[in-house]
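S.K.: The structure is given below, and queries will be raised subsequently.
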Amino acid sequence: MWLEAGRDGRSFTYLDRHGLGVGLGDLVLVRLRGRPMHGLVMETRQPSLPKMLVRDAPAPRQLQEIEALVQPAAIEPHWREWIEAMASRCHISPFRMFKAALPPGWLGQRPASQTRPRKLWWLQLDSAQERPSDLTTRQQELIAALDGGRWQRDLLAQGFGTAVIQGLLQRGLVQRDQRQAPLLTPGAISRTTALEPLEQPRALTAEQHSVVEVFQCLDPGEALLLWGVTGSGKTEVYLQLAAQELAAGRHCLILTPEIGLIPQLVDRFRRRFGSSVLEYHSGCSDRDRVRCWREALSPAAPLLVVGTRSAVFLPLTPLGLIVLDEEHDSSYKQESPMPCYHARDLALDRARRTGAKVVLGSATPSLETWKALAPQGAISLTRLTRRISDQSLPPVHVIDMRAELADGHRRLISRPLMDRLEALPEAGEQAVVLVPRRGYSSFLSCRSCGEVVHCPHCDVALTVHRGSAGHQWLRCHWCDHRAEVESRCGECGSSSFKPFGAGTQRVMEKLAEELEGLRLLRFDRDTTGGRDGHRRLLEKFAAGEADVLVGTQMLAKGMDLPRVTLAAVLAADGLLHRPDLRAGEQSLQLLMQLAGRAGRGERPGQVLVQTYCPDHPVIRHLVDGRYEEFLSLEAQLRREAGLVPYSRACLLRLSGDSASKTATAAAVLAERIRPACAGMGWSLVGPAPAPVARVAGRCRWQLLLHGPEDSPLPLPQGAELWQGLPRGVALAVDPDPLNL
Ligand code: ADP
Ligand code: ZN
Ligand code: ZN
């Protein structure tokens, strides 16, 4: 929708003929293709020829002039500087960074009267006045409802008559003044709990209370990790920290990785804070996002915004709190299009600059965050060790698929799992079954002994590559080690030694065959489309319309289904041996999260994991529930091997319609940057075909750079990297990629 900044960060230039003297961040009125629009001034190197972002359209044929100054400094200088700094961190032009940060349509919209928000009456108690004893019950109720101040409109909607309000006004007990109205989204208005009194905070447990204390002792700009299992009361802590910040007049941002988790989170915050809660995520319409943006620019009262990763950009000032719930979740990372940013990095950086405080919440923190804990790092640690309900976590049973095979049982579903599933309907219970989405590529594994072929240098599973003539070979994505595909297992000599990983679709079909008589519901990207897709499907399942919910990774994320007593994983191996450095860490996070789905109601739960590798550290630590011990082992392995986060990485991704052109461009680019890499102590792997070598007809190649921890990328700043690329080949820079 935007004027694409292009390789050189081009934007529209306008003429300031009237000498308005526009400055950076001013909102101005311009014409584009004859239509009046808002533009944001981005560059004033030549004062009479400022450059600006308007919207995506072919450039005007002639130089047009600026018609009027709409709002000086519409965006804050500090915010603008922050975006520019983040642009440089993400190796992208400031223009494209702004494009990613601003809501689509904010500038492009035809300016209309709605840009000037209406004024509304705001009522507030006059605290200096004594409360007379002769008030009517209704007047007393109004005074109670007014605590902290309310919009007259909302009070009327709540059923207070004008007479009651006038009565208190006349006696001087209440003050009234006109203020800028909040631009609530229609969704917000319909779901405002105006008719119900706001929910009271709960009395905190001792553990929760100490988290609040640690938070209060943080210096502005600092962060804490809130480490607590599901149900340990993390959200209640977020609510109370937010209440403090709002009361102090500071805004709050609550981020969640998954759009499917937004509705329940918004409901919870609205019950506590009413109409000061807004939503900002890709499920909102452009219009709603623009409204939320405008509201953030000129709020009538402190706001709390619940959103996904892009909400980290909202121009809220002063910002008191940023929460990242499920901080380990990979959805916080934007992979494409550029900018490739991680919302956690941006949140921490923004807090440091603005004096906000960050809370990272998780039951299974990322290794990055764990490594950054005090005293070595800057993040304080707080823990919630007990579930509020005192329910224990369900036990984990591992099913050794090698033994199943040895007994001649070759089904997808082992006998113990089958027994459990078949008993569900009678007991009135339900199960969730995770079918790990096939990794990008498959690895070679032995079905008899569980052996998986690893890179001798990197402790990462080697990936099976398929050439055009059907030839197969193995390759390590990290160091480019190559090997031949063997047909027999090097450990036990078995010939059940083949690439692992069947497509999700086929697994689903087979499952339906094997589970005859059980009612299945599928939960994956294909079946949960739309804003409320997740919710609808989960509601169907919760209503008992199926016995088993079968799905991919999404299944594990934050849902509360009291009748689920069994959580099962069909082939944990597909997770464990993804050819990715973080495969172990991410699978343990996922499996522990999945385990949290079982036994949330009255009946105890159970977890069943099918695998060919029951001795794998991830499985062992899952069974023992010792996540932190796993992290420290993993940290030691990565430190010794010099892998992230004990080194730094950067991916350069090339894609193009023509296979040969893209391959050549990758090779040329590699030669161009090789000297700088060598000079700065970085190594360069590739060019190599990307793990998914062809997507939507486009060929993809990549260069992987890795170098010392905390060192700058050995890449030229600005557009230089893109110069010399042939037409039709695109290049994206992903600093600190998540998938390696
Ligand atoms: P988490 O975010 O860690 O999963 P929640 O904050 O959702 O945990 O808490 C789990 C349940 O316990 C919720 O129903 C919540 O309302 C309740 N709860 C949380 N803290 C308290 C408390 N201090 N006293 C009573 N109930 C609480
Ligand atoms: Zn073997
Ligand atoms: Zn390797």
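The values are calculated or read from the model by the stated rules, or taken from the named source; none is laboratory data. The structure displayed is predicted, hence computed values, not measured ones. Glycine also receives a Cβ, built like all others from the backbone with ideal geometry; neighbour counts cover every protein chain displayed.
S.K.: With the condition kept exactly as written, say whether any residue in segment 105-121 is assigned to a helix (DSSP H, G or I), small (Gly, Ala, Ser), under 30 Å from LEU20 (Cα atoms) and at pLDDT below 85.
M.R.: yes
S.K.: Which residue, of LEU715, LEU721, LEU703, LEU725, is among the hydrophobic types (A, V, I, L, M, F, W, C) and buried (at least 20 other Cβ atoms within 10 Å of the Cβ)?
M.R.: Being among the hydrophobic types (A, V, I, L, M, F, W, C) and buried (at least 20 other Cβ atoms within 10 Å of the Cβ) holds for just one of LEU715, LEU721, LEU703, LEU725, which is LEU703.
S.K.: Let me ask something additional. Being surrounded by 20 or more Cβ atoms within 10 Å (Cβ to Cβ), within 16 Å of ligand 1 (Cβ to nearest atom) and touching a residue at least 12 places away in the same chain (Cβ under 8 Å) is true for just one of THR364, THR385, THR369. Which residue is that?
M.R.: Within the list THR364, THR385, THR369, the selection yields THR364.
S.K.: Are any of the residues in segment 404-423 away from ligand 2 (no atom under 16 Å from the Cβ) and within 32 Å of the chain's Cα centre (by Cα)?
M.R.: No, the conditions are met nowhere in segment 404-423.
S.K.: For segment 477-498, give me each residue that is in contact with a Cys (Cβ under 6 Å, 6 or more places away or on another chain) and more than 9 Å from ligand 2 (Cβ to nearest atom).
M.R.: TRP478, CYS479, HIS481 - these are the residues of segment 477-498 that are in contact with a Cys (Cβ under 6 Å, 6 or more places away or on another chain) and more than 9 Å from ligand 2 (Cβ to nearest atom).
S.K.: For residues that are at pLDDT below 80 and out of contact with any helix residue (DSSP H, G or I) (no Cβ under 8 Å at 6 or more places or on another chain), scanning just segment 434-456, find the one that is surrounded by the most Cβ atoms within 10 Å (Cβ to Cβ).
M.R.: Among them, the one singled out is PHE443.
S.K.: Same structure, new question: On the basis of being at pLDDT 80 or above, more than 16 Å from ligand 3 (Cβ to nearest atom) and not β-branched (Val, Ile, Thr), does GLU514 make the cut?
M.R.: Criteria met by GLU514.
S.K.: What pairs come up if the first residue lies in segment 293-320 and is closer than 19 Å to TYR341 by Cβ, the second is of a type in the set (Asp, Glu) and not in a strand (DSSP E or B), and their beta carbons are under 7 Å apart, counting only those six or more places apart or on different chains?
M.R.: Pairs found: PRO315/GLU76.
S.K.: Please work out if ASP134 is closer than 30 Å to ILE379 by Cβ, assigned to a loop (DSSP other than H, G, I, E, B), more than 16 Å from ligand 1 (Cβ to nearest atom) and at pLDDT 80 or above.
M.R.: no
S.K.: OK, next. Starting from segment 624-643, take each residue that is aliphatic (A, V, I, L, M) and list its partners that are modelled with pLDDT of 90 or more, counting only C-beta distances under 7 angstrom and pairs at least six apart or across chains.
M.R.: Note: pairs meeting the criteria are LEU631/LEU367; LEU631/TRP370; LEU633/PRO617; ALA635/LEU367; ALA635/LYS371.
S.K.: Please go through segment 43-71 and pick out each residue that is surrounded by fewer than 21 Cβ atoms within 10 Å (Cβ to Cβ), within 37 Å of the chain's Cα centre (by Cα) and not in a loop (DSSP other than H, G, I, E, B).
M.R.: GLU43, LYS51, LEU69, VAL70, GLN71
S.K.: Tell me whether segment 205-215 contains one or more residues that are within 23 Å of SER127 (Cα to Cα) and either within 16 Å of ligand 1 (Cβ to nearest atom) or at pLDDT below 85 (or both).
M.R.: Within segment 205-215 (the criterion being within 23 Å of SER127 (Cα to Cα) and either within 16 Å of ligand 1 (Cβ to nearest atom) or at pLDDT below 85 (or both)), the answer is no, since none of the residues qualifies.
S.K.: Can we say SER380 is modelled with pLDDT under 90, among the small types (Gly, Ala, Ser) and in a strand (DSSP E or B)?
M.R.: So SER380 fails the test.
S.K.: I need a count of the residues in segment 294-311 that are closer than 21 Å to TRP151 by Cα and surrounded by fewer than 22 Cβ atoms within 10 Å (Cβ to Cβ).
M.R.: 7
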